[in-house]
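These notes concern the structure reproduced below.
Just so you know, all these numbers are worked out from the coordinates, no wet-lab data involved. Everything numeric in this text was worked out from a predicted model, so none of it was measured. Glycine also receives a Cβ, built like all others from the backbone with ideal geometry; neighbour counts cover every protein chain displayed.
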Amino acid sequence: MNRRTAHRWLRVLRTPMGRTAAVLVLIVLALAVVGPSPWNARADAVDTANILAGPSAEHWAGTDNLGRDIVFRVLAATRLSIGLALAATAVAVLAGLLLGTAPWLLGRRAGRLVTGVVQIAIAFPGLLLALFFAVVFGVGATGAVLAIGLAGAPTFARLVQTLLAGVASRDFVAAAQVAGVGRFRILLRHLLPNIAEPLVVNATIGAGGALLGFAGLSFLGLGVQAPAYDWGRLMFDGIGVMYVNPAAAIAPALAVLLAGLALNLLGESVAKGFGMDALVGLPASVNPSPAAPAAPAPPAPESAGDDASGDVVLDVRDLTVSFPAARGPIRPVRGVTFAIRRGEAVAVVGESGSGKSVTALAVSRLIDAAGRVDAERLHLLGTDLREPDSAVQRRMLGSSLAMVFQDPASSFNPTQRIGRQLAETSRHHHDLGRRAAFARAVDRLRAVRITDPERRARQYPHEFSGGMRQRAMIGMGLMGSPALIVADEPTTALDVTVQRQILELLTAIRTADDVALLLISHDVGVVSEVCDRVLVMYAGRIVEDLPTDRLGAALHPYTRALTAAVPRMDSPLDRPLPVIPGRPLDPADVPVGCAYADRCPLVSERCRAEDPPLERHPSGHRVACWHARPPLAGERHDDPARDGAAEPASVVETS
Amino acid sequence: MTAAPAPAAASEPLLVRRIAGHPWARFALRRAGRLLVSLWVLVTASFLMIHLVPGDPVRAALGPTAPAALVAERRTALGLDDPLPVQYLDYLRNLLGGDLGTSIISRLPVSEVVAQRLPSTLALAGLAFLTAVVIAVPVGVVVGVLTRRGHGRRTEAAFTSGSIVLGTIPDFLLGVGLVYLLGVTLQWLPVAGDATPAGYVLPVLSLAVGPAAILARILRVEMVAVLDADYLRTARAKRLPARSLYLGHALPNAATASLTLGGLILGSMVAGTVLVENVFAWPGLGTTIVRSILSKDYPLVQAIVLVYGLGVLLINTVVDVALALLDPRSKIRED
């Protein structure tokens with residue numbers, strides 16, 4: 001056992017379940033070792049004057065039909081019960097190893113036969129196999145050991161096969177094979193040592209199963225035979241006298257239960273500690289970290305919705321989203337203010353973790369109830385999204401707000417046909433009947449340029465290509481009459497040619513119906529193709545808000561770094577792409593001052609002390625930086641501004 | 001992988017080819033093939049059982065004092081003196097004709113004994129499975145919703161440990177406990193036989209509680225995973241009511257994953273009836289097989305093993321078909 005393994009065993013023992021199970025198993029094992037010697041005499045002491053007595057001070061669980069003390073018989077039976085269970089487990093592991101390694105040793109054809117037999121045997125419940133083998137090997141302890149063992153063998157065989165398949169494809173095995181080492185030798189030297197650990201863990205669980213199985217067989221009278229006795233045999237004797245002295249059956253049953261549970265729990269907690277249990281997973285939440293003490297940024301003096309005409313589709317002021325975490329809430333979005341007008345296309349860009357997707361979810365009211373959304377104002381088409389969920393609001397959102405998600409492959413319900421998933425919206429929100437809703441779905445699929453929409457609507461998502469799925473997703477948003485499409489990285493999961501089609505489709509819809517678009521992206525290239533305006537987010541705040549064609553003249557050093565990191569046709573091939581030094585901020589650990597300070601080339605004392613507010617700059621951008629100014633020649637990453645909208649260098653130097 | 005199964009094969013006029021190329025047909029063929037092979041292994045194993053027993057099975061059954069002439073007569077009646085291949089073919093032929101042989105002990109036709117005992121066992125197993133599902137599905141779904149990501153940490157911990165403990169208590173031990181508690185101590189319910197409907201309560205509970213706990217636990221884990229899936233966010237974005245979200249979108253997806261396990265549980269429930277029947281003196285196949293193993297009535301044992309095995313195979317097949325129906329990808333994923 002190497003140090004890593006030892007460490008993991010220790011970790012198992014530190015969990016309450018692991019510790020309890022280990023202590024119980026140790027007690028049971030100790031009883032099995034010392035059990036019979038001190039108690040055998042009392043366990044076998046016949047007392048005909050005291051037959052089938054109930055529990056008393058002298059006999060805690062009463063006596064059996066020969067007046068023998070039940071408690072002592074249960075204690076004395078520990079050794080046989082545990083011993084037989086371990087023997088059966090050994091048989092199971094051994095037979096499982098033989099069957100499981102056979103495919104490796106025997107070559108393809110014979111191996112496939114063995115695998116097939118194991119596959120069939122494993123479909124039958126263990127007890128059925130045990131009964132079968134109990135008939136073949138005869139009634140009695142030896143027969144039962146073989147029966148229980150062989151009944152458990154298929155499970156172990158498959159485990160060995162699976163584990164071997166995982167290890168056998170590794171390089172060192174291939175190397176040994178190339179070196180001409182025999183298959184048997186490879187098995188012993190390289191394969192078995194690598195699968196020993198999970199085998200031991202599963203054998204522990206298996207021992208618990210064998211113990212229970214053995215108790216079952218003995219309880220049926222097919223296992224241990226009188227005068228010998230294990231727990232199962234004691235139950236067999238006790239169940240008949242249940243009405244006279246119930247403890248005669250209950251005491252051994254408790255012993256079986258306790259020992260079986262202890263072995264099972266130990267196995268399970270070891271498996272869990274070793275990361276083998278896929279069933280019980282902790283929710284993968286955002287890193288729990290100390291609460292961010294960051295003082296709320298001063299409210300933006302100028303709300304983007306100032307020119308609030310009826311034109312504004314989405315109006316967001318001082319939006320904050322926080323999630324509870326183990327050590328205080330974390331805030332992926334910290335005071336975001338913006339507005340989108342009818343037909344306007346606005347992009348939110350930033351690195352992962354900048355809060356852009358959370359912002360999108362918050363404005364679409366899709367933050368899970370665990371998250372807390374606060375805002376001074378959060379209006380979509382004049383409806384206050386901060387109000388509690390209502391049928392009216394659901395209907396409004398369901399038909400006026402369209403969502404397009406990043407991964408079309410996982411965003412459709414795999415068990416429902418596409419048409420039905422589209423039609424659902426209309427059935428719920430527009431009170432259409434089944435047929436009318438389906439017809440609408442077909443029509444919308446046609447609108448997003450899916451050929452043969454009648455047939456496609458009857459297909460499942462997995463029958464669609466990635467680009468088609470994304471188009472169908474957009475079509476789903478068009479089931480109503482959306483005023484705003486929120487698209488969260490809609491093209492990231494698609495290949496380049498399909499990306500273009502999706503972007504063109506979004507643009508076409510936008511211009512045709514004057515639909516506003518909120519596009520979340522990390523890709524400045526995509527954004528500048530589609531959007532009018534860009535919101536640059538960093539660490540949960542908007543650091544710059546600028547027209548797309550002004551990206552080359554960004555005022556915030558982070559925006560400049562982002563645009564410089566985009567490869568372009570004319571990027572010099574002999575130089576590495578500029579990257580932004582340092583790491584994105586952990587939303588759980590936000591500093592007092594400017595969040596970008598640690599990575600910023602222009603950082604000063606003030607940046608670390610005070611968080612700059614998002615303010616309107618004379619150039620028309622909104623920017624949050626104490627050093628906001630057009631780029632200097634020296635820090636331009638030799639990257640001439642794109643889109644031909646960049647000012648000449650001379651202009652840059654004037655500020 | 002995303003390519004649709006090409007029905008556009010216009011150059012394929014042959015109907016047979018069309019059908020054989022259809023994913024459903026392929027699935028059905030493959031599944032039927034697997035069932036047949038398993039069936040053959042089962043029948044062969046049950047045939048071999050009597051020959052794997054060391055010594056003379058008839059002598060063992062009739063005891064050392066039985067006259068040699070009687071033993072010889074029974075051996076001939078069972079066909080044990082014929083060459084093995086002949087016996088095998090006879091066995092298969094008889095099986096196809098519904099003849100399961102004759103009990104060595106009672107001389108009754110085995111098929112008669114099975115027919116008389118099977119209904120009780122079926123009723124027990126069926127009721128237990130229904131009970132387990134009726135308990136597990138609502139509990140799993142509700143707890144899953146309550147403990148979805150970022151919710152109900154304490155509920156989750158309590159539910160998980162509770163269901164683990166309940167799920168690991170073997171059915172027959174639970175049966176013994178229930179007999180003690182509700183039968184002997186409180187005397188609320190009968191503890192033996194299926195004469196009255198009340199007689200079903202304890203055996204059904206003993207069989208159902210463990211599987212219900214396991215099933216509910218799996219279903220909860222699946223629900224939590226599904227509730228966090230992208231397509232559920234899509235469904236939420238459609239602003240569907242909760243009932244439609246949880247029952248319409250989440251449950252079918254969680255169920256496909258739980259169904260495989262449900263099949264295994266149902267299969268082991270078939271075997272579990274053996275032990276539980278013996279706790280409650282249930283007049284089913286389980287008490288019969290144990291009695292016949294002890295009295296070495298091999299033809300009867302063979303037949304009952306066959307019936308149990310058949311039950312398990314049928315359940316597995318039904319589960320696979322249900323999976324294929326519920327999850328349109330599974331039949332394709334298989335090849």
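Each residue of the range B:268-278 is assigned a 3J(HN,Hα), and the resulting list reads 6, 5, 4, 6, x, 4, 4, 5, 5, 4, 6 Hz, derived from the Karplus form 6.51 cos²θ - 1.76 cosθ + 1.60 (θ = phi - 60°), x at Gly and Pro.
Dipole size of the protein assembly as shown about its Cα centre, with +1 on Lys/Arg Cβ and -1 on Asp/Glu Cβ: approximately 1360 debye, rounded to the nearest 20.
Peptides A:398-410, A:194-206 ranked from most to least packed give A:398-410, A:194-206, packing being the mean of other C-beta atoms within 10 angstrom over each peptide's residues. Distance from the Cα centroid of the range B:231-251 to that of the range A:169-213 is 45 Å (rounded to whole angstrom). Sequence-ordered 3J(HN,Hα) estimates for the range A:208-225 from the Karplus curve with 6.51, -1.76 and 1.60 and θ = phi - 60° stand at x, x, 5, 4, 5, x, 5, 4, x, 4, 5, 5, 6, x, 9, x, 4, 10 Hz, glycine and proline given as x.
Find out how many positive minus negative residues lie around A:T507, taking Lys and Arg as positive, Asp and Glu as negative, among other residues whose Cβ is under 12 Å from that of A:T507. Around A:T507, the charge tally is -2.
Assign one of three labels to chain B, namely rounded, prolate or oblate, based on the Cα gyration tensor with a ≥ b ≥ c the square roots of its eigenvalues; rounded applies when a/c is under 1.5, prolate when it is not and a/b is larger than b/c, and oblate otherwise. Oblate is the answer for chain B, as a/c is 1.5 or above yet b/c matches or exceeds a/b. Partner shielding of B:223-230 amounts to 3, given as the average count of beta-carbon atoms from other chains within 10 Å of each residue beta-carbon.
Kindly rank A:556-565, A:536-545 from highest to lowest mean number of other beta carbons found within 10 Å of each residue. Walk me through the intermediate numbers first.
On the way: A:556-565: 23.7, A:536-545: 27.6.
Final packing ranking: A:536-545, A:556-565.
Fewest to most neighbouring Cβ within 10 Å: what's the order for B:D228, A:D495? Mind showing how you got there, number by number?
Values: B:D228 15, A:D495 10.
Ranked by crowding around the Cβ, least crowded first: A:D495, B:D228.
Between A:R109 and A:T383, the modelled labels are 6.9 nm apart [label points 7 Å from Cα along Cα→Cβ].
So, counting K/R as plus one and D/E as minus one, what does the shell of residues with Cβ under 15 Å around B:L202 add up to?
Local net charge: -3.
Note on B:L96 and B:V321: the model spin-label points, each 7 Å out from Cα along the C-beta direction, lie 2.3 nm apart. Peptide A:463-470 shows a mean partner chain C-beta count of 2 within 10 Å per residue C-beta.
What FRET efficiency would be calculated for the residue pair A:E454, A:D514, taking the C-beta separation as r and a Förster radius of 35 Å, to the nearest 0.05? Efficiency at R0 = 35 Å is approximately 0.75. Taken residue by residue and averaged, Cβ atoms of other chains lying within 10 Å of the Cβ of B:270-282 number 4.
Here the dipole of chain B is about 1400 debye; that uses its Cα centre as origin and unit charges on the Cβ of Lys and Arg (positive) and Asp and Glu (negative).
Simple spin-label estimate for A:R189 and A:V23 gives 4.7 nm between the two label positions (7 Å along the Cα-to-Cβ direction from each Cα).
Which distance in Å, rounded to a whole number, links the C-alpha centroids of the range A:451-476 and the range B:97-112? That distance is 60 Å. Computed 3J(HN,Hα) for the range A:166-179, one whole-Hz value per residue from the Karplus formula 6.51 cos²θ - 1.76 cosθ + 1.60 where θ = phi - 60°, is x, 6, 5, 8, 7, 4, 5, 6, 4, 4, 5, 5, 4, 6, glycine and proline marked x.
Which of the three applies to the range A:380-509, rounded, prolate or oblate, going by the alpha-carbon gyration tensor with a ≥ b ≥ c and a/c under 1.5 meaning rounded?
Numbers: a/c = 1.86, a/b = 1.25, b/c = 1.49.
Oblate shape, in that a/c is at least 1.5 and b/c is the bigger or equal ratio.
What does the C-alpha gyration tensor say about the overall shape of chain A? Classify as rounded when a/c is under 1.5, otherwise prolate if a/b is larger than b/c, or oblate.
Working: a/c = 2.34, a/b = 2.33, b/c = 1.00.
Cα axes put chain A in the prolate bin.
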